[in-house]
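For reference, the structure is listed below as structure tokens.
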Amino acid sequence: MSRMEKLPNLVDVYQPAKKLGTRQLPLVVDSNLTLVMDIKNSNIISDSQTLSNKELNEYMTKLGVLSPEQLKASLQISKTALLEVLNQSVPCVGCRRSVEGLYYQLLSFGHPTLDPIVVRGDGTITLRPEKHSYNVLANIFHDHAQRLKTLIDTQPKRNKKSVRCLLHSLDWQRIRPVTPVWRDIWNCMKSDCRKDICIIESACLYATLENYLRQHRFCGECRIKVVKAYTLLVEEADPSKEKGYVPALYSGIKRCLQDKHIHLNPKTEYITKLINRAEPELLGRERHAKTLEIAQEEVLTCLGICMYERLNRLYMRVREEERTCQLFAAVAVHTLHRSFETVVEKARGVSQLELLYEEFAREEQAKQKHKEAKKSRRKRRKGKALCEKARCEFAPDCLCPAPGKPDGVCECCSDDSDSREDALLDQSRCSSDLWADDCDSKELCKCDTVPD
């Protein structure tokens, strides 16, 4: 995704008891946090385009041949039909599994995530009844195949040899995006989401701290100092009693000792400062913490790493879920259109394939007639040329004499009958099956025998 593409908004913290709005879905960040993602601006389904009158009239005609029951049946598909098209169209196995997972999520909870596409309780996929008008269907089905193809072609690839997309590859999991990326996802979050994303569990912080100490090869003494600074933050009720402790370093952090987590200040300036502190430390090198103050700073660095990695993970989840919704909608629309066209063709009593076959048959018949007419004209011209050579006054041995005719003109030389020309052609064949004008002499054939 380029920097110019806008990410979906994170509008609220998900609460199961609260119903989601249109084109919203729950986004799982981790086991302790689920946010609500809004995909209204993600171009999931195009149902408000400006179409030509020709295309609108085409769908009006199609709906005119269907009864209400037929229309309803045509605009519903099964899970099997959806997965069949999905497996044929989408090469990435990770994307296919994500789409199938979204199907089961919509089936279980009935979220209006892909409105007007609905997954009903019996597992069928359909469009809301209010969207069964010809103009809405024309908008939804417009360029449906091209939309799906474009979505597949523009999918970020890991490399040319792999069919997996970048979002579902292990390479993507190891990528650490540059600082502006976390800003992008941070700017997409409402205030309530920011507050919850800034809650850091003690266990998560300790795991990050352990990895940090090992990566930077702290000596034993310094390691004890850093662990002590961590304990003062998450466990000690009154850390100010500890000698060397600097309260100002932990200002802006609210501690919940009983729940074993801490709340960071959700202001952008504070998070920016925290992540800027952590960013240079993402590369490993040997470090020391000889004083408690320095140890506290190292704990702050680990907090910055926690936030950096959490926002990075959230960024990836948002992109993955948005892509999954786009694929689900595109495949569902493509499959619904195919079902709709099949029912329309059946109602008309003749399929488009049969109409196309009839058109080809008419064209072939016209070509055949033209070919026969051309052959007939060529045959008549050939007969005329032979008659000119076979006039009785120049060829006393003519094969078709006509006694009583003036000037002794052959029967075949008369212009009043095409059948006579054909007769001359038949009689002008020699036994070697050569025409008279094909003989070497270029004169009338003098063969003794003429086939009957």
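The values are calculated or read from the model by the stated rules, or taken from the named source; none is laboratory data. Predicted, not measured: the structure shown is a model, and the values here were computed from it. Here the Cβ is made from the backbone with ideal geometry for all residues, glycine too, and neighbour counts use every protein chain on show. Areas reflect the complete protein model, heavy atoms only, side chains present, ligands, DNA and RNA absent. Shrake-Rupley method; radii C 1.70, N 1.55, O 1.52, S 1.80 Å.
Observations, loosely collected:
- Criterion violated by Val350 - all others in (1) modelled with pLDDT under 90; (2) assigned to a helix (DSSP H, G or I) satisfied: (2)
- For region 1-19, a tally of residues being in contact with a Pro (Cβ under 8 Å, 6 or more places away or on another chain) and at pLDDT 85 or above returns 1.
- Lone unmet requirement of (1) open to solvent by 60 Å² or more (accessible area, probe 1.4 Å); (2) at pLDDT below 85; (3) of a type in the set (Asp, Glu) for Glu55: (1)
- Subset of region 33-49 (residues that are open to solvent by 30 Å² or more (accessible area, probe 1.4 Å) and out of contact with any helix residue (DSSP H, G or I) (no Cβ under 9 Å at 6 or more places or on another chain)): Thr34, Lys40, Asn41
- Any hit, region 85-98, residues being more than 22 Å from Glu320 (Cα to Cα) and either acidic (Asp, Glu) or touching a residue at least 40 places away in the same chain (Cβ under 8 Å) (or both): no
- Considering region 100-149, and only residues there that are of a type in the set (Val, Ile, Thr) and open to solvent by less than 40 Å² (accessible area, probe 1.4 Å), the residue that is nearest to Asn57 (Cα to Cα) turns out to be Val136.
- Number of residues in region 59-106 that are under 25 Å from Leu27 (Cβ atoms) and more than 26 Å from the chain's Cα centre (by Cα) equals 0.
- Given (1) of a type outside the set (Val, Ile, Thr); (2) closer than 30 Å to Glu201 by Cα; (3) open to solvent by less than 50 Å² (accessible area, probe 1.4 Å), number of the condition Lys19 does not satisfy: (3)
- Test for Lys243: is it out of contact with any Gly (no Cβ under 8 Å at 6 or more places or on another chain) and in a loop (DSSP other than H, G, I, E, B): yes
Yes/no per residue for (1) modelled with pLDDT of 85 or more; (2) part of a helix (DSSP H, G or I); (3) open to solvent by less than 50 Å² (accessible area, probe 1.4 Å); (4) under 22 Å from Gly304 (Cβ atoms):
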| residue | (1), (2), (3), (4) |
| --- | --- |
| Asn159 | no, no, no, no |
| Ser162 | no, no, yes, no |
| Trp172 | no, yes, yes, no |
| Tyr206 | yes, yes, no, yes |
| Asn211 | yes, yes, no, yes |
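- Check on Trp182, open to solvent by less than 80 Å² (accessible area, probe 1.4 Å) and at pLDDT 85 or above: yes
- Matching residues, region 266-300, being hydroxyl-bearing (Ser, Thr, Tyr) and either open to solvent by 70 Å² or more (accessible area, probe 1.4 Å) or modelled with pLDDT of 90 or more (or both): Thr268, Tyr270, Thr272
- Number of residues in region 215-265 that are in contact (Cβ under 8 Å) with a residue 12 or more places away in the chain and either within 25 Å of Ile197 (Cβ to Cβ) or open to solvent by less than 60 Å² (accessible area, probe 1.4 Å) (or both) equals 28.
- Given (1) among the aromatic types (Phe, Trp, Tyr); (2) open to solvent by less than 30 Å² (accessible area, probe 1.4 Å); (3) without any contact (Cβ under 8 Å) to a residue 60 or more places away in the chain, number of the condition Phe360 does not satisfy: (2)
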